[in-house]
Structures are given as structure tokens and as C-alpha cells.
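Encoded as C-alpha cells, the structure appears first; notes follow it.
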Amino acid sequence: MARGVPAVDGSSHSIVRLKLAAALAVPFFLCAMTGAALPADCKQSNAVYADRDDAYELRFSPLGSDAAAASNQFKISVVKTSISLDGYVMPSEDPDRAIGIIMFNCPGGDVTGADLDACTIWQGPVYSVSAAGELDNLQAETASAADRIVLPGFGPAIRESSIWGEGKATVAPWDVLTFKECAK
């Protein structure tokens, strides 16, 4: 039971103070939120995403070449490990799709198709989801960042890959990654 002298509305001063503190905290919270980057204010090439368990971070980076076959590049870090995966998104036609590939420890130089298959962790469509929930192909790196990225079947692919196991990845990611921040 709260102590204090009843206020005009019958509540104690302690409760009134708590209500006042809560009412004042809302504007401060909203002001603090305006400092956070929004996906629309960030280019896709600088966007950073996380899975729902904060076990994986997907970080886009600029390609640095207008002649690149890819439309986006990124790295996926498995949090609390040294594992880092390389990813690329390439446009395809008929039907128009953004196709992604995620690799681990691929050899450099001249590689064969078998070499690439051996180091590929996941391959499939890459979708963006807007704040309104609209699904689309992931746009090129110069477009505004998506609110969420969907990599269908990514979690099961991790469980079946060479990065899964003791001392490696032990949490299968959700296939949806949410915008976390805009890298500078």
C-alpha cells in the first residue's frame, strides 16, 4: 500500500509522482529515439541487420565498382565466435529476382564450380520487407535500406553447414533479419 497524503483524485502523492515521472519519460524516450538511424535514412550499402536472437549480424558494405556483377555485398558474423561469412547479391532475370549466395572460407584465385559448391553455405532469393510489410526483391546498394531482410531457408542451411557445431555456430538464425543501424 502506498503511503502519503491522498491527492485530489484520491491517489497518494507517491503514485502521483510515479505517474508524473512516467509522463515526462515518454518525451525523453522519443527524443532519444530520433537520434537513431532509420532504414529510410540509410543506404543499403551501409545497413546493418541482426537476427531475432542477436546471434548473427549481417553488415552490408559498398561494392566499390560500377562494373561488378553483384548488386550488393555483405558479411555475416556469428556473434561470440570468429566466424565470418561472405555474401553477395546478384540480379537475375526471367523472373526478376535478387539472388544471394553466402560462402565460408572459399579459396582465392581461379576456382572451379566444385570449389564454390564446397564453400557455399546458402543460396537463394533475397527479399526486402518495407515498414508497411511489403515484400520485394532486395534493391541495389544505392537504394534506401530495407526494414527487414528475408533469406528463406538460411537457418536450416546453417545447421547443415561446416560452421555448425561445438565451438562454432550453435544457434540457427531466423530467416528474417531486422535493421539494426547504419554504419558510417
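The values are calculated or read from the model by the stated rules, or taken from the named source; none is laboratory data. Quick caveat, the model's predicted, so the values are computed rather than measured. Note: ideal-geometry Cβ built from the backbone for every residue, glycine included; neighbour counts use all protein chains shown. To get the accessible areas, we keep the full protein, side chains included, count just its heavy atoms, and leave off ligands, DNA and RNA. Shrake-Rupley method; radii C 1.70, N 1.55, O 1.52, S 1.80 Å.
Do you know which residues across the stretch 100-157 are among the polar types (S, T, N, Q), in a loop (DSSP other than H, G, I, E, B) and in contact (Cβ under 8 Å) with a residue 60 or more places away in the chain?
Residues satisfying the conditions are Gln139, Thr142.
Pick from Asp54, Asp147, Asp66, Asp86: which is buried (at least 18 other Cβ atoms within 10 Å of the Cβ) and under 26 Å from Lys184 (Cβ atoms)?
That would be Asp147, the only listed residue that is buried (at least 18 other Cβ atoms within 10 Å of the Cβ) and under 26 Å from Lys184 (Cβ atoms).
Please count how many residues of the stretch 155-184 are touching a Gly at 6+ places or on another chain (Cβ under 8 Å) and within 20 Å of Lys80 (Cβ to Cβ).
Matching residues across the stretch 155-184 total 3.
Find the residue count for the stretch 109-138, including only residues that are polar (S, T, N, Q) and more than 16 Å from Asp175 (Cα to Cα).
2
Have a look at Val79, Val111 and point out the one that is modelled with pLDDT under 95, in contact with a Cys (Cβ under 9 Å, 6 or more places away or on another chain) and surrounded by fewer than 16 Cβ atoms within 10 Å (Cβ to Cβ).
Step by step, each of Val79, Val111 is checked, and only Val111 is modelled with pLDDT under 95, in contact with a Cys (Cβ under 9 Å, 6 or more places away or on another chain) and surrounded by fewer than 16 Cβ atoms within 10 Å (Cβ to Cβ).
For the stretch 122-144, name all the residues that are of a type in the set (A, V, I, L, M, F, W, C), open to solvent by 20 Å² or more (accessible area, probe 1.4 Å) and more than 15 Å from the chain's Cα centre (by Cα).
Once the filter is applied, which keeps residues that are of a type in the set (A, V, I, L, M, F, W, C), open to solvent by 20 Å² or more (accessible area, probe 1.4 Å) and more than 15 Å from the chain's Cα centre (by Cα), the stretch 122-144 yields Ala132, Leu135, Ala140, Ala143.
Any idea how many residues of the stretch 165-184 are at pLDDT below 95 and open to solvent by less than 70 Å² (accessible area, probe 1.4 Å)?
So the count comes out to 6.
With the condition kept exactly as written, say whether any residue in the stretch 3-21 is surrounded by 13 or more Cβ atoms within 10 Å (Cβ to Cβ), at pLDDT 95 or above and not in a helix (DSSP H, G or I).
The answer is no; no qualifying residue exists.
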